[in-house]
Amino acid sequence: MLSKEKLREDFSKDYKRFYEVELFKELGFERKKCSCGKYFWSLEKENCGDPDEHGTEYSFFKKQPEKVTFDEMWKKFSDFFKKRGHEEISRYPVVSRWRPDLYFTIASIQDFQRIEKGVMDFEYPANPLIVPQVCLRFNDIPHVGFTGRHLTSFVMAGQHSFNWPKEGYWREETIRLDYEFLTKELGIKKEDITFIEDVWAMSDFSEFGACLEAFSNGLEIVNAVFTEFSYFNEIKELPKKVVDVGWGFERVVWFKNGTLSLFESIFPNTLKKLNVSFDKELYETFARKASTLGEEARIDAKTLSKLLNREEKEIEEGLMPLLSSFVVLDHIRTLLFAISDGALPSNVGGGYNLRLLLRRAFALAYRYGFDIYDLIPRVAEESKLFSELKENEEEARKIFEIEEKRYNQTIKNAQKKLGEILAKGSLTKDEIKTLYQSHGISLEMIEEEAKKRNIQIQLPTYEEIIQANEVEKEKEEVYDVPNIETKILCYTSSRARAKVIFSKGNMLVLDQTPFYPEGGGQESDRGEIFNEQKRAKVLDVKKQGSTVIHFLDKNPFKENEEVECVVDEERRKRLRVHHTATHLISTSCRKILGKHAWQEGTLKSFDKAHIDIAHFDKLSEEEVKKIEKLANEFVRKGLSVKAKEMDRKEAEEKYGFVIYQGHGVPSKKLRIIIIGDEDNPVDAEACGGLHVSNTSEIGIIKIISTERPHDGIVRINFVAGEAAIDYFEKLNARAKKISALLNVSEEKTEDEVKRIIEEKIEREKQIKKEKKEIAEEIAKIIINEVKDKEKEILELDFDKEILREIGNQIVKEKKELCLILKNKKNEVICICGKESKFNAIEELKKISGFVGGGKEKYAEGIIKGGKNA
Ligand SMILES: [Zn+2]
Ligand SMILES: [Zn+2]
């Protein structure tokens, strides 16, 4: 297996090939081995300047900081690279829909990565190019606000050149461009730059290469990666080599301005408005040393008190409020980006990390008195380059409000739960994890409550609780069939002759098939396969790789036999109708609920269908009505439904990433289903299913119900076409049956049912009253009998409810009495008065065969194998 260490060693040995550039020689940069083990290039530096290794302090702060805004700096950057042959493109979404294996975009190169049959490929709209790509990274949560340089959302200014050596540029030109920007635009002196040799690799080594990281004054500003290898079973050179330069753009802005913190450069107006008080001298000392905190797994006042050699209390008062405001601003911006791009906080997958951030922001805002809702528009305003944040501000506010309500509810429930657990005086790390993950109790809250009780705890690190960015794959059943490509005819026909390629058990593989294999939530076709002598029913059809497997009721066929395949057309028609209706509901949801309403899963079967939509709340009746109405309008308009083969790149550019509904793996050629006008469609999605050719064929769509299968998802159950008629008929039949049972006309059933229910309620009230009266009578008698006894066992032939009532009446007066009551069914209760010295559950446990439960004052159960009285 490969390792980064091994690669580093190999590349180092061959440094002339992997790291050396002519520019270094021209500048007089020398290659040295650092005390930390890494090799680096510089004019005269003693060490590589990586603060994580050498504690190098930040030393680029200016006495009079400049006031270059984020947008102005982007303009400088963009002009610089455009002048040098680059095209600027717009950012891609932070939700990585084109990469179904990942939740969020974590690097600019991800924009251009497309997985093709398990192998990485690159697709690029221009070459070379720059892109202000917003990336979300949750593994830096503990560092945000403290180290100065870490953020959960940041702009990676991607500088990319593709397809070397056929196009673009490579190492020499990359380093020349970067050096020029660092010295000319950021004004760094050449003696203040070091280039550290390193290796960059995807976690699975599907692509990797050498990289040169540029550091100056304690800050890494840019990393130039030269991706030239790929590893699956062996190391291979990539056919398209890629220059992957990532500029930490907020760092660029920070370095240019020379403020004490990155946040002062990014959110100057918001911070001025917030006006948090802090200890100026302490902050200045801290800001320089903040560079060294990058390796800490958890940072709090204690960490800083050690770093600065000051009292924890001073840190708490003089630093923490300011640093916490940085954290809150960072988290708000991350949520704004995520929500704008259609991601929602939830308790699963990527949404889990978003909720973690949001709750952390609320917790800090409550503690230090920040108004989150006042900050949302300010943060959006200071991120002007991304106007979408302003556009989606209202939607974000709504989601923040709903999430805050949920959070407060959690706190209410949690405080009790947490109190109970802490009462035992200790709390393990695993218990904390459970409290966090299953009960939504934030680490900050656990810490605070433990502190109040003086309990020492060890909190898990954020690394231990965040959700990894890789989407977990569901395990699929693997069938033992050869990997043969089956020609699929289902899009054009429902009948075909075919040759048997493989036959085993009830599985049959043909050279071609008209049967639709289950996929994209659509159930498979059914039908028959036969020839002159033999006949079998098709029960299911699945696709494994590019092989279609037919599952038969019995399998009389041998390899090389010719067969006839006939699909059940009635069933297929229903699947087509349900499938196309799903597209219409999906697009209606996005139009009515908002852009976040992505399709998360579907089922299209013979008699019903459902679609799962990302949404932050239950659907109101009104919303359901609106969605249904709009979908039916599309039906009645008689819109054409076309399937068009398109290049992925063309489809993405024309229709946007909205084509990736559901979680299909996009391939180079996409089958785009276009409903309505091709240039301005009602819906356009990449989809491999079967559809009708005109929406009018759907007839009608009826939403039956909605539910929330889990947090952040709404399921809409519906029927369409023939299935809808079946559904109405069923409803009609049921109504008729009910009216017959009630023996009234259909119009009167409602009133009749109401009357019966009222009668029942009245009767129950009466019974309860009578039971109480009986209990009171009996209690009076017993009270006289027990006198001053402390314990009494009685057998009474009443149900448990009456026994309880009797008991209650008695101990109300006989406060020192412990009373055990048993009936003929061997049900038993024990009830103790306020001053009784007995324990109810302990008393019952003494009876052999007792099964049940309870507490000190009341317990109940049955006596198994107990003799009747
Ligand atoms: Zn070093
Ligand atoms: Zn479809």
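A few notes on this one:
- Residues of the range 693-707 that turn out to be small (Gly, Ala, Ser), at negative phi and more than 16 Å from ligand 2 (Cβ to nearest atom), as a count: 2
- Scanning the range 70-105 for residues that are assigned to a loop (DSSP other than H, G, I, E, B), touching a residue at least 60 places away in the same chain (Cβ under 8 Å) and either among the hydroxyl-bearing types (Ser, Thr, Tyr) or over 27 Å from Arg176 (Cβ atoms) (or both) yields Tyr92, Pro93, Val94, Arg97, Trp98, Pro100, Asp101, Tyr103.
- Residue ID - nearest to the chain's Cα centre (by Cα), chosen from residues in the range 492-519 that are of a type outside the set (A, V, I, L, M, F, W, C) and buried (at least 20 other Cβ atoms within 10 Å of the Cβ): Pro517
- Elements of type strands (runs of 3 or more DSSP E) contained in the range 544-662, each with 1 or more residues being within 26 Å of Glu388 (Cβ to Cβ) and more than 14 Å from ligand 2 (Cβ to nearest atom): 599-604, 609-614, 641-647
- Per the listing Leu670, Leu690, the residue uniquely at pLDDT below 90, in contact with a helix residue (DSSP H, G or I) (Cβ under 9 Å, 6 or more places away or on another chain) and within 15 Å of ligand 2 (Cβ to nearest atom) is Leu670.
- Number of residues in the range 514-559 that are aromatic (Phe, Trp, Tyr) and touching a Leu at 6+ places or on another chain (Cβ under 7 Å): the value is 3.
- Within the range 798-825, being closer than 20 Å to Val851 by Cα and surrounded by fewer than 18 Cβ atoms within 10 Å (Cβ to Cβ) holds for Asp799, Lys800, Glu801, Arg804, Lys824, Lys825.
- The residues of the range 200-219 that are crowded, with 20+ Cβ neighbours inside 10 Å and touching a strand residue (DSSP E or B) at 6+ places or on another chain (Cβ under 6 Å), listed by number, are Trp200, Glu207, Phe208, Gly209, Ala210, Cys211, Leu212, Glu213, Ala214, Phe215.
- Positions within the range 380-416 being out of contact with any Leu (no Cβ under 6 Å at 6 or more places or on another chain) and either of a type in the set (A, V, I, L, M) or on the phi > 0 side of the Ramachandran plot (or both), in sequence order: Leu385, Ile399, Ile402, Ile411, Ala414
- Pick from the range 461-482, criterion modelled with pLDDT of 85 or more and not charged (D, E, K, R), ranking: farthest from Glu420 (Cα to Cα): Pro482
- In the range 16-29, of all residues being within 19 Å of Val225 (Cβ to Cβ) and loosely packed, with under 11 Cβ neighbours inside 10 Å, the one that is farthest from ligand 2 (Cβ to nearest atom) corresponds to Lys16.
- Annotation for the range 687-696: at least one member residue is among the small types (Gly, Ala, Ser), in contact with a His (Cβ under 9 Å, 6 or more places away or on another chain), closer than 27 Å to Pro100 by Cα and in contact (Cβ under 8 Å) with a residue 12 or more places away in the chain.
Yes/no matrix, rows are residues, columns are (1) in a helix (DSSP H, G or I); (2) more than 43 Å from the chain's Cα centre (by Cα):
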position: Glu697; (1), (2): yes, no
position: Ile704; (1), (2): no, no
position: Val714; (1), (2): no, no
position: Asn717; (1), (2): no, no
position: Ile756; (1), (2): yes, yes
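- Residues considered: Lys45, Lys32, Lys62. Of these, the only one that is charged (D, E, K, R), buried (at least 16 other Cβ atoms within 10 Å of the Cβ), away from ligand 2 (no atom under 16 Å from the Cβ) and assigned to a loop (DSSP other than H, G, I, E, B) is Lys45.
- Of the helices (runs of 4 or more DSSP H) lying entirely inside the range 272-320, not one carries at least 3 residues that are at pLDDT 95 or above, within 25 Å of Glu464 (Cα to Cα) and aromatic (Phe, Trp, Tyr).
The values are calculated or read from the model by the stated rules, or taken from the named source; none is laboratory data. This one's a predicted model, so the numbers in the text were calculated from it and none came from an experiment. Neighbour counts run over all protein chains shown; Cβ positions are idealised from the backbone, glycine included.
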